[in-house]
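Only the coordinates and a few stated rules stand behind these numbers; no lab work does. Nothing here was measured: the structure is a model prediction, and the numbers come from that model. Neighbour counts run over all protein chains shown; Cβ positions are idealised from the backbone, glycine included.
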Amino acid sequence: MPKCVCMGAKLKCTFGAGPKNMMVLPIARVMNAKVKSIAGQLDIIPMLNIPAFGNCLSPLNPMNWKMIGPIPVFVPGRCIPIPIMPWAPVAKKLKIGGKPAMLQNSKTMCVWMGQITVQKPGLTNVQSK
């Protein structure tokens with residue numbers, strides 16, 4: 001059974017420089033002293049929920065191409081994640097703020113074709129069905 005994802009979970013992108021912490025706002029979330037804010041399916045806001053992953057290594061990102069004279073040269077630039085779909089798969093029964101909870105096996109795609117996945121869910125004691 002996959003674990004739920006919460007505030008401080010480690011996310012990584014296939015074209016990013018390294019894993020970064022996810023931010024989950026405690027809006028419409030049920031929490032107690034032992035549980036952090038749990039992420040939902042729509043927690044995909046760039047630079048708020050999904051952080052920048054250092055340098056972007058995607059050859060599809062136009063910001064990574066610089067002109068050196070008449071020749072374009074690939075130079076990795078700053079990551080600006082732009083998710084194009086909600087997290088999937090998600091919990092079937094557990095709802096957070098009326099939306100399905102995000103799971104440790106949830107994924108989304110960046111517009112630059114990077115796959116954003118969960119490296120560590122941030123929780124070890126909350127599981128979903």
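Work out the length of the dipole vector of the chain about its Cα centre, built from +1 on the beta-carbon of each Lys and Arg and -1 on the beta-carbon of each Asp and Glu, and round it to the nearest 20 debye.
Working: 16 positive and 1 negative charges, 106 e Å.
Approximately 520 debye in magnitude.
Taking θ as phi - 60° and the Karplus parameters 6.51, -1.76 and 1.60, the scalar couplings of the range 54-59 work out to x, 8, 8, 9, 6, x Hz in sequence order, x denoting glycine and proline. Computed from backbone phi, the HN-Hα couplings of the range 11-21 come to 10, 9, 10, 5, 9, x, 7, x, x, 9, 7 Hz, rounded to whole numbers (Karplus: 6.51 cos²θ - 1.76 cosθ + 1.60, θ = phi - 60°; Gly and Pro given as x). One entry in (i) 36; (ii) 32; (iii) 46 is percent of Cα pairs over 22 Å apart calculated from the shown coordinates; its label is (i). Projecting the Cα atoms of Ser37, Thr108, Trp87 onto the charge dipole of the chain (Cβ charges, centred on the Cα centre) puts Ser37 farthest toward the positive pole. Distance between the pseudo-spin-label points of Ala88 and Leu48 (7 Å out from Cα toward the beta carbon): 2.3 nm.
Taking 4.7 Å between C-beta atoms as the pairing limit, the chain has these partnerless cysteines: Cys4, Cys6, Cys13, Cys110. Estimated from the Cβ-Cβ distance and a Förster radius of 30 angstrom, the FRET efficiency linking Gln119 and Ile71 is about 0.25.
Working from Cα pairs under 8 Å separated by at least six residues, relative contact order for the chain is 35 percent.
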